[in-house]
Each structure stands twice: as structure tokens, then as C-alpha cells.
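Step one of this worksheet: look at the structure below.
Just so it is clear, none of the values below were taken in a lab; they were calculated from the coordinates. Model, not experiment: these values are computed from the prediction. With ideal geometry, Cβ positions are generated from the backbone for all residues, glycine too; neighbour counts draw on all protein chains shown.
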There are 4 protein chains.
Amino acid sequence: MNFAGVFAPIPTPFDEQDRVDTVRLRAALLKWVATPLDGFVVLGSNGEAVLLDDFESDQAIVAARDAVPASRRFIVGTGRESTQAAIRASKRAAEHGADAVLVRTPGFFKTQMTNDAFVRHYTAVADASPVPVLLYNFTALTGVNLLPAAVARLATHPNIIGMKESGGDVGQIADLVSSTPSTFSVIAGTAGAFYPALCVGAVGGILALACVLPEACSKVFKLTKAGRHDEAMALQRRITPAAKLLGQQYGVPGLKAALNLVGYDVGVPRPPLAPAPDTAVTALRDAIALFEAIPA
Amino acid sequence: MNFAGVFAPIPTPFDEQDRVDTVRLRAALLKWVATPLDGFVVLGSNGEAVLLDDFESDQAIVAARDAVPASRRFIVGTGRESTQAAIRASKRAAEHGADAVLVRTPGFFKTQMTNDAFVRHYTAVADASPVPVLLYNFTALTGVNLLPAAVARLATHPNIIGMKESGGDVGQIADLVSSTPSTFSVIAGTAGAFYPALCVGAVGGILALACVLPEACSKVFKLTKAGRHDEAMALQRRITPAAKLLGQQYGVPGLKAALNLVGYDVGVPRPPLAPAPDTAVTALRDAIALFEAIPA
Amino acid sequence: MNFAGVFAPIPTPFDEQDRVDTVRLRAALLKWVATPLDGFVVLGSNGEAVLLDDFESDQAIVAARDAVPASRRFIVGTGRESTQAAIRASKRAAEHGADAVLVRTPGFFKTQMTNDAFVRHYTAVADASPVPVLLYNFTALTGVNLLPAAVARLATHPNIIGMKESGGDVGQIADLVSSTPSTFSVIAGTAGAFYPALCVGAVGGILALACVLPEACSKVFKLTKAGRHDEAMALQRRITPAAKLLGQQYGVPGLKAALNLVGYDVGVPRPPLAPAPDTAVTALRDAIALFEAIPA
Amino acid sequence: MNFAGVFAPIPTPFDEQDRVDTVRLRAALLKWVATPLDGFVVLGSNGEAVLLDDFESDQAIVAARDAVPASRRFIVGTGRESTQAAIRASKRAAEHGADAVLVRTPGFFKTQMTNDAFVRHYTAVADASPVPVLLYNFTALTGVNLLPAAVARLATHPNIIGMKESGGDVGQIADLVSSTPSTFSVIAGTAGAFYPALCVGAVGGILALACVLPEACSKVFKLTKAGRHDEAMALQRRITPAAKLLGQQYGVPGLKAALNLVGYDVGVPRPPLAPAPDTAVTALRDAIALFEAIPA
């Protein structure tokens, strides 16, 4: 199984009573399935996974699986703070049809999260998971860093097939590529550095921006693969302003606001998150307006 | 309700199958009840709350409540990332007999955790909680900072009665005291700065060290209250080395190891946490050995 | 030589051509000498020392020395990035009459600034300096931390007699006191945590706020020494808002603006620093207005 | 004037009495001049500029200028904390033959270093400098960040022609390229991310590694420019381990040790820096050993 291409980490819609809204989730996915995206991640950071309980998580997985055809990768976020909870979540995701699980690092007990602790955690999860495991490092949110030295050890596990690195430090992505076998898929998580990440060996991207601008993100990928670097770089520059607005600046509220602007009815985030403020919506509209007619 | 005094944030024992061990939890509490401690916190950070599911949390609360007499404060940690989950956990804790709930800040979506977001979150929790709410700031673990400006706004809520500040920055504790009414209880969370925190107006402490050295911690409190500052400072200096070992250096594994050394059978932490290494146990034994005969 | 008491780290006035203005420097010092301050630091961080060349530094030292009577401590900041430059600056300061030198850590080559590097640097400076050496840690500005472990080693040097710790972490100040002999003077650098720092064993303070409110700062010191803790704490709370404005928020521009408000003609800072904005001046005026009539 | 290509930020040799050793400086430069490097930076961070006084700085400039033919760019580091000192240093560098000056951000007064402060500082320096100015951002050492928003404003100044960005965040480099006119030269400072930086529009690199492996670094540049991306990426991967050792891990001591290994007699760093430890020398030897026969 490989993860070349562009994947969308989709948000989770909620209804007016702040419950998971599977109807809107399916409707949005049916629209995304009509784009060139190579696959989807449900219950990632952008899916507000940490704000859902286990029952709601199952609801979201089942509804999404139903809408995604077998020809596209279907990845489920199953990171938890405890090893046993991550194992349980991974087993449930597999039962509900996940092709792979994306397991964010535990990060609460920061000083205890050594390389050894990560290796133990992920080895236990990968031993138990019925489907392949993708490591997932997101230092800006977790405060811990899954370093190339630990990844190199984990990459030898037959059920650990790749990693999403959400940081924009392309040097660390290059390190990860160098530290792992060529069969191990290093996947970029920052749309603002997607093209250079591909340059240093990332095989694809799981990009919030791909929810909003799937064609543009896919085209950056295809241009790079075709060796058309100048065009890839030019397009990368065009998407970067929107990428940054969807990153740390406006986060999940920004992603949902942007999607509502382009016709995906995904509502507002769950409290304590608040809807994006008007200034964010205006900035997002301006950044997206440039992309209506990008040919695939 | 006030929180003058010294409170122990107790760990959660697990059995050999990594299940919550309510028998050992009760046994340990019966020992602590025989000390001068003023109350107990279950399911705090040191209780590995983030590693427990809701069912296990209820188990721990019920078992602990049963062992703590009404004369001691019984506080339950109910922080969750989503507002609705924090409300549900607070209601359950109240049903099971909590005197108050200690609600750690959400911290996953860091850039969205503005003063306004915190005020909305805590106001909703306090509106819904049947028992009083204590705010809880632990920047070193959460990566977010509940600032005095937000606390000042929240301190006017009739069901928000105090705050645990886990940081060692005594200046910030002084700010919190100055920013809130005198009925609002600011509680220190760092044993290594307990005496100076009391000096600037903290009313008490929720201190991991108080699990291990309840008499010494209580005596720091009593000496300070009695105006015997030189003795308080001298005792503070004696406890500081042990306090630091139990803080960021060895964390929950260190706390459990130290408790096993002094006769509390609390086992080992839940994975991905690992038992404290031998070097930690040796250092902890040395630091604790100085305190066997502290008079209360 | 001991450093009990309150010391003012005075700013360096510049004239209209951005030259060191020794006339205004002397005039300001003559006013400060009429307050209860125990001594003065020239060419500290607040003296914009890093913006002066060696010739200007000598000018400032000579002019200040002339205005400070022998009954007050006269301390000169001589920190430099290179060991040999710190030695030369310390020798010059001694020639010009410094009672002691305050030597800020080098901090440019951060990852190389290990405990060993600090011990080598300060040992060389103390070996060569004709006058006693005070260590000086200001992590917020330098990005490096002179830890208690290194200070404990340096405190055995006969020519290293104390340390200014500018951080507000009172726990680290307590560590420093515990790690060093009782003859070693630990001096607080944060007015917002002055009283608690004294509680844990600091012998005095070098406080920007002492330039602006010398009587209030001295009174916090005297009340604490007299065991009148409640009054000390109450006064500490009163000075804290002004202390915070003069700290990281408005820095040297804020200090100079505040001094101009209370009758010290010290002008504006040197570029790239800019004069404090109007909002800062208003906030400072409000914070200072409360203190006109504090009895000594 | 443009800065396409690879530039070496050369170290400053000291003699046995810790004085600037212009003889060894010239000798080393004559060796570098025989490599394909496009130019040289003296008195950069790797030149230990912050450890030199003004007289020594002049010595180093004069000696280096003499050894560098007019066909190669000759750049002098002239960053200082005060604006007037940066201006003086830039004028002296120009008198001594600098083609351009590289002006590191002031960074001591961190909270005052706003976009406006940087714009004022660099505008004043560029107004006064007889030779073109390169901005220089090195957040890891200075603790401040010269952001694309400020650079965009400065890039309109006719005497500000480019910028060295030392951070490995290729996204920020892409931002800088997007925020500035095509005539503005964005230059990478991290060899570990050189190829991806070129991919996103950096025109060249000022790379410590280029002192040690000039041919390999130049070849990464030429391969990328020729559109031979696969070969460029493969070579980038080969140089990355050595690049990392010369970066934050071993710093200037590591650079000098590595140069001594490959036949450049540049001695040891100035205290408080210490010579690289044996473990560093061994690691550097292993990393360099792979590169003896790289064709230019």
C-alpha cells in the first residue's frame, strides 16, 4: 500500500444540537469524491477528533466509509494518549473499513515521551492493528517531536508503512526520507511546503488545503512528478497564502469557513472552538477567489 | 467553600492487566486519610486522567469517594478538550460525590485558545456543573496559558471558586491573587515554590509531593500561616529537591515509584508511560530519606 | 561585601546627537542618591550597554562614579560575548572605581553555552578581575540559562560573590540559594516577584522599578526584613502592575518614559529602540500615580 | 548585483595568543579561491564576529579582501545591536573593499524588535551604507524573527538587494520569495535544506558546509539549476548528515574541526567557545569521508 498523491483530512460536521451530522458528512464526501483527490482522512486533527467521544467517532467512520469508493484510500485517525486506547480505536477503525490508521503521538506527559516511549507505543499499536499504521507527528499541537531516530526504528515494523509529518521543516522531512526504507511513505502535512517536501522525497500530502482546493493541490503533485518544477513552484506560490490561512492562523474554524464558501456545507466547529471571525472569512474568500478555474 | 491547606493529587493504581485497581486505590487513600492532608484530588494530571476512559474514571471516583471522609475535601479532575465533554464529566463527578471539580484548560487547538475561548468554555462548564468549579492551568503540559486577564473575568462567576496554577512562576500567582476577589482561592501546584506562593497570597497547594511527604508539606503551610517565616523557608528548602524530582523530571512514573518506596502500593503507570528507571528510584529514595521523622 | 538591599539599574541618557550625555547622567544620579537606594548599576541591560561602544562605556562609568558617594554600592555591567572582552571591560570598570562588576552570560552561540563553558568563562573573568564578580542570568534576553548546577561550582571561587537572577521563577531563585554558601549573594532582578524572592533567600534586588519608585521598593525590602510579611505582601501587590509595565512589556523605552514622568530627565533610547508609544506613557502614568506619597 | 550560487561564510583563525591570525586567514582563502565557490562572507556568525572588536574586524576584512579576487563576491558581516554601530561597521567594510554587507538583525531587546523597529534600523543602515545591504535573519541565535511582512517593506529600498535566511523553514523562504521583487535575492543559510530552498526560489546559499565541501555544495546548486532534480535531491541527501553536524549540534567549534580535517589550518575558536570534543571530530570525519572525490 502506498500513499503517493494528495489526501484531504476532512472536517466533521455538527448539527444545530452540536451532534455529529452524518448526513452532511456524506454529502460533503460525495462532492470530494468527484475531485482528483487520492484519498481521505477522517478523524484527523482537522476532524476535531479530540472533541469526539468513541461513539461519535464510530458514527463518523461508518458514514464516511460508506461514501468513499474502494478506489480511494480511506484513512482513520486513531491517536489516543494511552496505548490501549489507541489499540482499541485502531481495531474499531479497521472493523469499520479503514484502509489504514493514522496514529498521532501521545503528547500529554511531554518529558516522558522519549524515543523509547514512542517506539514502545507504536510497536504495541502496530502489533495489534488489523490494518497498516501511519505514524503522525504534529509538534505544533502536541508539543512533542517524533524524531527521525525513533522513526527509523519503527520503520522496520512490517505493519508501520509510513508517516505524516505536519511540520513545515522540510529538512526534517528530508531526514525522515533518508532514515527510512524506500517502501516507507513519508507524507507532508503542510500545504505551504508541499512542493519542496515532494522535492526532498515525500510521496504525497495530507493537506487541509486539499479539502478546499483539491485540484490545485493535486496539480502541484502531478507537475512535480512530471518534472515540471518551474510550473510546480509557481503553483505552490499561488496556493501558499491560502495554505497559511488554513494552518495555525485560523485552524479548524478557518477550514470550515473556507469550505462553506466553496459550497461544502460543513457548519461550524464544536466548542470551545468558535466560528471563524468575519476578518478570517474575508481573508479566506480573497485567497480562494484566485482558484476557481484551475484545470486538473 | 475554601481551599486553604494542602491537597494531594493522588495517582490511579492499575492491576496486572492494566485495569483500574480500585482495591489498591482505596487502601492507599485510607493511609492518606490518616495524615494531616486537607483533601484529595482524583483524576488530576498525576492521576493519569488522560489515559482513562469514562467508565474507568467513574470507577476511580466512586472508589475514592468511598474512602474519603466528609471532613476532607474531595475534588475530581474533569477537564476535557470539548466543552460538552467537560460538562458531562463534571456532572458525573458531582453525582458520584465530588465536592468540587478541577477543570484543566483544553489545549489541543493552541492558537484558538484565546482569553475569549477560555471564558466561553469555563462559563458553560460552571453554568452546568452541580458543584463548584476550580480552574486549572498547567502550561508545561498543555502548551496554553490561562492568563490573569481571563481569570479575572471568570472569577466573577458564582460557581467558579478558585484556580490551581501549576506553574512555578510566583509572579503569575501574585497576579492571579491581585486580579481576583479575596473569596477566590488561588491554589499553588508546584511544591518547589509552595512557600513563596503562600507568601504572595495562594491559599493552599495541590502538590504531588504531598502524596509522598504529607506531613512536611502541611507543616510548610502551617508555619507560614503562623508567621514563622524563617522556619517555613528552611523547611521549603529541605523539600525542594524531592519536589523537583517529582515534577517534570520524573513525572507520574517518579510519583508512583516514590509512593511505593514509602509504603503506598500504587504500582506502575499505564503505557505509554513506563516505570521510573533505577536511577530515578535511587534519587527519589535519597531525597525522601531525609524526612522520616518530621513532626506534624 | 554584601548586596543586601535595593539597587537601581540606571539608564544611560543620550543627547540630541545620540551621544552619551554625561551631564544628564550625573544630574539623575544626584537625585537618586537622595533616595534610600543602597546602590546603583550602570551599564546593565537597562543601561543599553549593548548599544554602547567601549569609549562610551568608559564615559558613562566615570561620570556615574563621580556622582555616587562611597557609602553606596557602585556596580558596573561588563558582560561581553568573548571572555577576553569581558576581562578587559571588568579591568576598565575597576580602574574607574567599580565596587563590583555584573557580568551577563554570553549567549550568542546558544548550543555551545554549556555548564562547562559558563564555568570556564566566569572563572577566567573572576581570576582576572581586580574587583569582585557578580554572575548575571537573564534568560529572557539571552536565550541561555545559567543553571544552579553551574552556579554552585562558580560560587566556590573567592572572587565570585553573588549573582543577579532576572527571571521571575522564584523556584529557581530558591534553588540558587540552596546551591550556594550563605556568603554568596543571590539578588533578584524582577520587581514583580521581589517579595517572594526575598522570602526564599534572595538578599536584595536590582530592579528597574527601583529607578522609578525607590522608596516603595526599599520599603518592600525593609518590611520583609522586619518580618512584617502582610504589609510587605500588600505593598508588593501595589507595585506589581508598574513592575510589569517596566519589564518585558515596555522595556527600556518604558523605563525612560516613566522616569521622565517622575522628574528624571533621561531622554529617549538609542535606535533601533524607539521612544515608548503614547499608550505606554499613559499606562505608566496611571501605574505610578498611586505612589507619590509612600513613606520610607 | 546578484547572489546566485554558493558562498562560504568563512571562520576567523586565531593564533596561540588568541589574536586574529591574518596569515592563516589568507592562506585558507587562497585554498578556497581554487574551488568553484562564488564568493565569501567574512565576519558572519561562523566568523565569530561577535567575539571580535572593531580593530580586529578591520584586520580580518583587510586580510581577506586581499586574498579574494574581484571575480568572486566579497561580503562582510556588519550586524550590530545599535543602528549607529551597524552604520559605522558598514562604512568601514565598504572602505576596505566589501562588495556588500550582511547585516544581522539586532536581537538583544527582543520584545522591542517589532517589524517597525527592523524597518527603521535597516532603512537607516541602507541609507548610509556605501555598498548594497543584505538583510540577515538567524532566529535560532538571535531569538527574533525578521518576518516576510517587514522584508517586503525593506525590499523596496534601492540599497537593500537581498537577504540571508538561516532558518530551515523552507515555507518561510518561499514566503520571502513571494513577498519580494524578483530582483531581490533570497539566500538560504541552511545546507540541510539547500536543495528545497532552491526549489522554492532561493537564488543561492551562504552555507557553513560550503567551507568544508565546496564542490558538493556547488554541485547541488548546478544540478538544480540544470533541472536535474533527481540528482540534486540525491546529492542533497548525501550532504545532509554533514550539514547537520556543522549546524546547531557542533557550531563554530565543529566547523573549525572539520576544516582542520580537510586541510584548512584554521585553529580553534575563541573562548568562551571551546574546541570541538573528540566525539564531534570523529562524527565529522565520518560524515566528510564520503566526499573526497566529488566531481565539480
- Query: Once phi is turned into θ = phi - 60°, what whole-Hz ³J(HN,Hα) does the Karplus curve with 6.51, -1.76 and 1.60 give for every residue of segment A:244-249, x standing for Gly and Pro?
  - Reply: 5, 5, 7, x, 4, 5
- May I have the extent of the alpha carbons of the protein assembly as shown along their three principal axes, as whole Å values ordered from largest to smallest? 78, 74, 53
- Which whole-Hz couplings ³J(HN,Hα) result when phi for each residue of segment B:165-171 is put into the Karplus expression 6.51 cos²θ - 1.76 cosθ + 1.60, θ = phi - 60°, listed in order with x for Gly and Pro? 10, 7, x, x, 7, 5, x
- Along the dipole axis of chain B (charges at Cβ: +1 for Lys and Arg, -1 for Asp and Glu; origin at the Cα centre), the most positive-end residue among B:262, B:168, B:42 is B:168
- Estimated distance in nm for a label pair at residue B:16 and residue B:230, the labels positioned 7 Å out from Cα along Cα-to-Cβ: 5.6
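Could you calculate the FRET efficiency of residue A:71 with residue A:95 from 1/(1 + (r/R0)^6), where r is the beta carbon distance between them and R0 is 30 Å, rounded to 0.05?
Once rounded, the FRET efficiency stands at 0.90.
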- With springs only between Cα atoms under 10 Å, which of B:207, B:43, B:141 fluctuates most in a Gaussian network model of chain B? B:141
- Item | Label point distance in nm, residue D:34-residue C:2, each placed 7 Å from Cα along Cα→Cβ | 6.7
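For segment A:93-245, what is the Kirkwood hydrodynamic radius in Å, using each pair of distinct C-alpha atoms?
Values: mean 1/r = 0.0625 Å⁻¹.
It works out to 16.0 Å.
Dipole magnitude of chain C about its Cα centre, charges +1 at Lys/Arg Cβ and -1 at Asp/Glu Cβ only, in debye to the nearest 20? Don't skip to the answer; put the middle values down first.
Values: 26 positive and 26 negative charges, 101 e Å.
Magnitude of the dipole: close to 480 debye.
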- Note on the structure: In units of 2.2 N^0.38 Å, the Cα radius of gyration of segment B:190-288 is 1.11
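Evaluate E = 1/(1 + (r/R0)^6) for residue A:248 and residue C:249, where r is the Cβ-Cβ distance and R0 equals 35 Å; express this FRET efficiency to the nearest 0.05.
Values: r = 24 Å, r/R0 = 0.68.
Step by step, r from the Cβ atoms, then E = 0.90.
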- GNM, chain C, Cα, under 10 Å: largest mean-square fluctuation among C:258, C:27, C:60? C:27
- Which Rg and Dmax, in Å, describe the Cα atoms of chain D? 17.7, 49
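Considering only DSSP beta bridges where both residues belong to chain D, give the percentage that are antiparallel (nearest 5). Don't skip to the end; give the middle numbers.
Details: 1 of 29 bridges.
Taking every DSSP beta bridge within chain D, about 5 percent pair in antiparallel fashion.
Give the Kirkwood hydrodynamic radius (Å, one decimal) of segment D:76-178, defined as one over the mean of 1/r across all pairs of different Cα atoms. If you can, show how the numbers build up before the last one.
Details: mean 1/r = 0.0744 Å⁻¹.
Averaging 1/r across every pair of different Cα atoms and inverting gives 13.4 Å.
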- Could you pull the Rg and Dmax for segment C:69-114, using just the Cα atoms, both in Å? 12.5, 42
- How many times 2.2 N^0.38 Å is the alpha carbon radius of gyration of segment B:29-124? 1.14
- Task: About the Cα centre of the protein assembly as shown, how large is the charge dipole given +1 on each Lys and Arg Cβ and -1 on each Asp and Glu Cβ? Please answer in debye to the nearest 20.
- Result: 0
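Please give the calculated 222 nm ellipticity per residue for the protein assembly as shown, where each DSSP H segment of at least 4 residues contributes -39500 (n - 2.57) and the sum is spread over every residue; nearest 500 deg cm²/dmol? Could the numbers behind the result be given before it?
Values: 52 runs with 544 residues, N = 1184.
The helix contribution divided over the protein assembly as shown gives -13500 deg cm²/dmol.
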- Query: So if R0 is 30 Å, what FRET efficiency would residue C:55 and residue C:265 give, r being the distance between their Cβ atoms, rounded to the nearest 0.05?
  - Reply: 0.80
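Computed over the Cα atoms of segment C:122-198, what is the convex hull's projected area averaged over all directions, in nm²?
Hull-based average projected area comes out at 5.0 nm².
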- Item | For the protein assembly as shown, share of DSSP beta bridges that run antiparallel, in % to the nearest 5 | 5
